[in-house]
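The next block holds one structure in the form of structure tokens; read it before the comments.
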Amino acid sequence: MTDNRTLILDCLEKVGTEVTLCGFVQTVRSHGKVAFFDLRDRTGLMQIGGFGELAGEVSRLGSQDAVKVVGIVKKREERYVNVQMSTGAIEVEATYIEVISKAAEMPFDMGGKELNLELPTLFDHRSLTLRHPTISPIFKVQEAVVASFRNTAEKLGCTEIFVPTIAASSTEGGAEVFNINYYGHNAFLTQSPQLYKQMLVPVFERVYTIAHAYRAEPSVTTRHLAENTQLDCEFGFVDFTQLLDLLEEVAVGMLKGAQEKSEEIFKQKNLEPIHFGKTPRVTLSEAQEIVFTETGRDVRGEKDLSPQDEVDLSNWALKNHDSDLVIVHHFPTFKRAFYTMPDAQNPEYSLSYDVIFRGIEISSGSQRIHKYEDLYNAIKSRGMDPDNFSMYLMAFKYGMPEEGGFSFGLERITMKMLGLQNVREASLYPRDMERVDERLSARPTK
Ligand code: AMO
């Protein structure tokens, strides 16, 4: 470690003084007796100039070399000011350059303003491409989403919990579950923290968790990952209307907070600010009527919303309510997981809801069946064995209040805040049918 290191952004206050900077070479521009390079550290980019002998040293630098630079912070001449860079009004004139670690030659151009790569190439070289200044901010926005989710959940009195991702039974049903060989026994990777968060309601009443979830998605889409991050809440002693209010409070609190924290990135990337008009709440059948009225596409009577319905509904919400969020509730009971409470007025429909944000479902949840017998029967009626849920059922047998909750998909939120086309771009290390770090096609199958 260099003890007298200055961070790039702090150079704004150090004009005229000598600084020692550490970071990675981004782009080198050599003009003979003068050469420049952009240095990247965790706070930003800085143009470094090398003159005379040092120009030669600069021009021998390569993209991604880890370097230490000593130099004087100078104001740039007016005509060279770069308003797009937060440090664009200054530069550092190098007096000493040390290469800490020389990078191998790049497999593609990492020095350009944009990283124009096909997605498979972007992910084949993930440990490298994540360094690019257009890619790393995606994960600063993601960090901001998590921080403001945490903040909002804590304000609501939720306790943060950490639950296992290896489980004895599958949580959401369906075929999209990864089986694992657990010391010779069959176990599953959790499709969600659902069962564990519910069991903790009688302990803490209100809980939240940030958990990995695994889905053996059988197809390749722009919105599905095989491993994603879920932001979950669960609340005891609440009814359906209170749950809808809590859902909206968390959605709005999280997105507002994340946008505020990411102000600089929103400016740099020229991102569309989120519209926070009053969030409309519609039933599934109302949503389908809206799609029909708005587009003429007749989806009335369908059992769920299609991706196109979600887009159409979002367009309607933005146009009529100035809102990027819509809540849809009352999905058919059989379409939702076994723990979902049917509506007593019409049990074919359930006390369930989704949040649609900019044309994609980012959250799902429901009021839950909280009576032991009803839950036991719901498990059986779905063709599952209650014996596989014995610890879960125990929580309901010994006193469970009315309860419910929801889960937000972190990568989908990040994708839509940044206007990305594919959810994989919002995952540091995306997993899908075709990839675990490397392409599966490049590996021998067992
Ligand atoms: P659900 O299955 O709808 O609900 O998941 C919650 C949210 O997680 C995100 N998500 C995904 N994101 C990327 N790839 C996937 N394969 C994927 N699957 C889900 C979505 C989705 O809205 N236990 C319930 C929640 C609850 O009832 O509290 C659940 O898991 O944004």
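Numbers below:
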{"item": "Residue in segment 394-416 that is surrounded by the most Cβ atoms within 10 Å (Cβ to Cβ), counting only those that are more than 7 Å from the ligand (Cβ to nearest atom) and among the aromatic types (Phe, Trp, Tyr)", "result": "Phe396"}
{"item": "Complete set of residues in segment 32-56 that are within 24 Å of Pro133 (Cα to Cα) and open to solvent by 10 Å² or more (accessible area, probe 1.4 Å)", "result": "Phe36, Asp38, Arg40, Asp41, Arg42, Thr43, Gly44, Leu45, Gln47"}
{"item": "Hey, Asn186 touching a helix residue (DSSP H, G or I) at 6+ places or on another chain (Cβ under 6 Å), part of a strand (DSSP E or B) and either more than 30 Å from Glu264 (Cβ to Cβ) or in contact (Cβ under 8 Å) with a residue 40 or more places away in the chain (or both) or not", "result": "no"}
{"item": "Failed item, numbered, when Glu248 is tested on (1) over 20 Å from Phe406 (Cβ atoms); (2) surrounded by 15 or more Cβ atoms within 10 Å (Cβ to Cβ); (3) not aromatic (Phe, Trp, Tyr)", "result": "(1)"}
{"item": "Flag if His329 is open to solvent by less than 50 Å² (accessible area, probe 1.4 Å), in contact with a Lys or Arg (Cβ under 9 Å, 6 or more places away or on another chain) and of a type outside the set (Val, Ile, Thr)", "result": "yes"}
{"item": "Positions within segment 238-259 being touching a helix residue (DSSP H, G or I) at 6+ places or on another chain (Cβ under 8 Å) and among the charged types (D, E, K, R), in sequence order", "result": "Glu249, Lys256"}
{"item": "Restricting segment 295-354 to residues that are basic (Lys, Arg) and free of Cβ contacts under 8 Å to residues at least 24 places away in the same chain, the residue that is farthest from Leu246 (Cα to Cα)", "result": "Arg297"}
{"item": "Only listed residue being near the ligand (Cβ under 9 Å from one of its atoms) and under 15 Å from the mean Cα position of the chain (by Cα), chosen from Gln230, Gln191", "result": "Gln230"}
{"item": "Count of residues meeting criterion [more than 24 Å from His185 (Cβ to Cβ) and either part of a loop (DSSP other than H, G, I, E, B) or not assigned by TED's automatic domain parsing to the domain that holds Ala187 (or both)] in segment 376-401", "result": "4"}
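The values are calculated or read from the model by the stated rules, or taken from the named source; none is laboratory data. Computed from a predicted model, the values in this text were never measured in an experiment. Don't worry about glycine lacking a Cβ; one is built from the backbone with ideal geometry, like all the others, and counts go over all protein chains shown. SASA here: full protein model, heavy atoms, side chains in, ligands and nucleic acids out. Shrake-Rupley method; radii C 1.70, N 1.55, O 1.52, S 1.80 Å.
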